[in-house]
Amino acid sequence: MMHPFAARAAAGQAHLRIMETTDIHVNVEPYDYYADRPNDTFGLARTASIIRAIRAEATNSVLVDNGDIIQGNPLGDFVAYERGLKRGDVHPVIRAMNTLGYEASTLGNHEFNYGLEFLSNALAGAAFPFVSANLVNGTTLAADPAKDRTFVPPWRIVERTLRDGAGAERRIRLGFIGFVPPQIMVWDAKNLSGNVQTRDIVAAARAHVPVMREAGADLVVALCHSGIDGSPASDGMENAALHLAGVPGIDVVLSGHQHLVFPGPDFKDVPGADVAKGTLQGKPAVMAGFWGSHLGLVDLLLEEDGGTWRILSHTSEARPIYRRADGKIQALVESQPAVSESVKADHEATLAYVRRPVGTSAAPLHSYFALVADDPSVQIVSIAQTWYVTEMLKGSKWEGLPVLSAAAPFKAGGRGGPDYYTDVPAGPIAIKNVADLYLYPNTVRAVEVTGATVREWLERSAGQFNRIEPGKADQPLVDPTFPSYNFDVIDGVTYRIDLTQPARYDKDGKLVAPDAHRIVDLAHAGRPIDPDARFVVATNNYRAGGGGNFPGVTEKAVIFVGPDTNRDVLVRYIVSVGTINPSADANWSFVPVPGASVVFETGPKGRAYAASVKGVTITEAGDGQNGFARYRIAF
């Protein structure tokens, strides 16, 4: 459908459509490798159909990407760990993107998961440039950020011909500048420390944008792999898109990283974000979901006056590739054959890779109730981590210290939808099942902490739950804004959670209720935990590096840096024992709240497992929203 700006444009005016993809995470085909079946809710091959339609109806358009491209599903892992990627090879997702004619892309935080050499080889295969203004080579930052020696060019200017409303051709110089969350230095310290450095997003923009203007950029578009956060601006802010929009000289902000949609209800309460107009601090902006679920569109009505372009009007939207009706998914577009064909051989090789058996499970592995009770899918990860770290510490000064394990549910519904759960029946375990249990290529680390820190670690995790009042029925239990990957369960201790207490820490890890304590009856080996006792906790590089802002869990506490990914350790453990029996041991539970009941949502397929959940009685409570099922816990 033709945009109104196309009809309104007069002589000297032009309609420009900026198209954005973001957080593709190697999802080219609409296929769920973990479930081993097609899925209509994602896939760049589907997004490509909207791109094609936009180009057909718009006189002037450009396509850009906003990062998190090469990691995120088994296809990415297959290339990184099985096939390899040497210089001259073209990464499958890059090959797919090359068929679509991208103008530019930036780097996302997950680009660094496989190391800088792998990343450099992947970028070399792209037919389009990458830009990032706040990622600097080496360990020294220049006095002037505009003079930093960046890992990739900080920005680029392309000259394009626009056809105005009268059919005349007019030249415009489009500037694209990129940004990555500074937290990559924590999240991927193993790969980045000593090699690169990051700057604050807004500080980098304030230095580079004036230089872009001086270089002749008529329009500056920020490719910001960073989300939208209404908190006051702070140095090193992870989600800085809102504050980036306030930098003079930036005209358009394309955001991502949060796997959300803007404009849309996700941001309705964020000051400075106008979800009706699609603006951040008055600047047109968009966030296009994740995995190709949406195409971001910023439409600009431009006018040239005396060689200077200005924006007369603008609209923003995130156009979906599917819709949900009556609890069912309906695809709105089909895949583009050229995109699918570009990855066909790699797709088929990945299917063979993920179907490879590595062992047997004597019981089902599922995560439908991982947010409300001890869970088998989290339990097996902790068992494997404890096994591995105990072996690795033999002969060290830490041998003999109690080894605990911290693990969180990764697939727990939420934004992923009612099918986004681990669900592996008893029987053969394949690599696809292991990848399903542990989505990310994190590496194993171990930290030495005190019993007091163990308690605070669990208090931080317990922030996932809403405060519950005695005597009140059907109160919502889980805070939907709390990321499931920050709900760490610590195995090796027993504890209960008192829901009548306020959360000691908020969803970002900030201490908000210093006098509150939800964690009660914390014990080790059957005895109350000694605050001064020393423990080793097996975890991953993200958490041990400070990810999630868990109190006392920092790089300083790290005593062991494993060479293996947590996923590889899980495979190795399953191979070593042959048959696993991943029954949850109910080492944590809730303190009963007199006269109260709580409700939560999970996938409808969880019905088959509800009666087997240990430590709590779960009953059905009707249909939830968007295809989820509703369940109740009565105390």
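Values quoted throughout were computed directly from the atomic coordinates according to the rules given, and no laboratory measurement underlies them. Owing to the predicted nature of the structure, the values given are computational and were not obtained by experimental measurement. Cβ sites come from the backbone with ideal geometry, for glycine too, and all protein chains shown count toward neighbours.
Quick notes on this one:
- Taking a ≥ b ≥ c as the square roots of the eigenvalues of the Cα gyration tensor, an a/c ratio of 1.5 or more together with a/b no larger than b/c marks region 356-634 as oblate.
- Neighbour-count ranking [beta-carbon atoms within 10 angstrom, fewest first] of Leu570, Leu85, Leu437: Leu85, Leu570, Leu437
- Value of relative contact order over the chain, rounded to a whole percent, pairs C-alpha under 8 Å and six or more apart: 14
- For the chain, with +1 on Lys and Arg beta carbons and -1 on Asp and Glu, the positive-most of Leu162, Val221, Ala96 along the dipole: Ala96
- When both bridge partners sit in the chain, DSSP labels roughly 70% of those beta bridges antiparallel.
- Karplus-based coupling profile of region 136-149, in residue order and whole Hz: 10, 5, x, 10, 10, 9, 5, 4, 10, x, 5, 9, 4, 8, with θ = phi - 60° in 6.51 cos²θ - 1.76 cosθ + 1.60 and x standing for Gly or Pro.
- Assuming charge only on the beta carbon of Lys and Arg (+1) and of Asp and Glu (-1), the dipole of region 356-634 about its Cα centre is about 280 debye to the nearest 20.
- Anchor Lys510: lysines whose Cα lies under 20 Å away (excluding residues fewer than 8 positions away in-chain): Lys556
- Lys/Arg +1, Asp/Glu -1 at C-beta; region 356-634 dipole; positive extreme among Val358, Gly562, Thr619: Val358
- Sequence of Val26, Val372 once ranked by neighbouring C-beta atoms within 10 Å, starting from the fewest: Val372, Val26
- For region 389-398, Karplus couplings with θ = phi - 60° (6.51, -1.76, 1.60), whole Hz, Gly/Pro x: 5, 4, 5, 5, 8, 4, x, 9, 5, 8
- Long-range amide H partners of Leu63 with built H, under 5 Å: Met19, Glu103
- Built amide H within the under 5 Å cut-off of Arg445, gap 5+: Thr539, Asn540, Asn541, Gly562
- Derived scalar couplings ³J(HN,Hα) [region 618-628; Karplus, 6.51 cos²θ - 1.76 cosθ + 1.60; whole Hz; x for Gly, Pro]: 10, 10, 6, 9, x, 7, x, 9, 6, x, 7
- For Leu219, distant residues with modelled amide H under 5 Å away: Arg173, Gly175
- Think of region 356-634 as having a plus end and a minus end, set by charges on the Cβ of Lys, Arg, Asp and Glu; of Thr453, Ser589, Phe628, Phe628 sits farthest toward the positive end of this dipole.
- Counting charges near Ser589 (Lys, Arg +1; Asp, Glu -1) among other residues having Cβ under 9 Å from its Cβ returns a value of +1.
- Secondary structure note: in region 151-227, about 60% of the DSSP beta bridges are antiparallel.
- C-alpha center-to-center spacing [region 217-232, region 410-470] in angstrom: 31
- Taking all Cα pairs closer than 8 Å and separated by 6 or more residues, the relative contact order of region 389-455 comes to 23 percent.
- Relative contact order (percent, whole number), region 356-634, Cα cutoff 8 Å, 6+ residue spacing: 30
- Centroid-to-centroid, using Cα positions, region 570-635 and region 284-342 are 38 Å apart.
- In the chain, helices alone account for a calculated mean residue ellipticity at 222 nm of -5500 deg cm²/dmol, with every DSSP H run of four or more residues adding -39,500 (n - 2.57).
- Among Asp274, Asp229, the ranking by other beta carbons within 10 Å of each residue's beta carbon, starting with the fewest, stands as Asp274, Asp229.
- For Lys472, a cut-off of 16 angstrom between C-alpha atoms picks up these aspartates and glutamates, skipping any fewer than 8 places away in its own chain: Asp498.
- Excluding same-chain neighbours fewer than eight residues apart, the lysines reachable from Lys277 by a Cα-Cα span under 27 Å are Lys268.
- For the pair region 536-558 and region 72-137, the centres of their Cα atoms are 28 angstrom apart.
- Using Cβ point charges alone (K and R +1, D and E -1), the dipole size of region 456-572 about the Cα centre works out to roughly 120 debye.
- For the chain, the gyration tensor built on C-alpha atoms gives a prolate shape. Its axis ratio a/c (a ≥ b ≥ c) is at least 1.5, and a/b is the larger of a/b and b/c.
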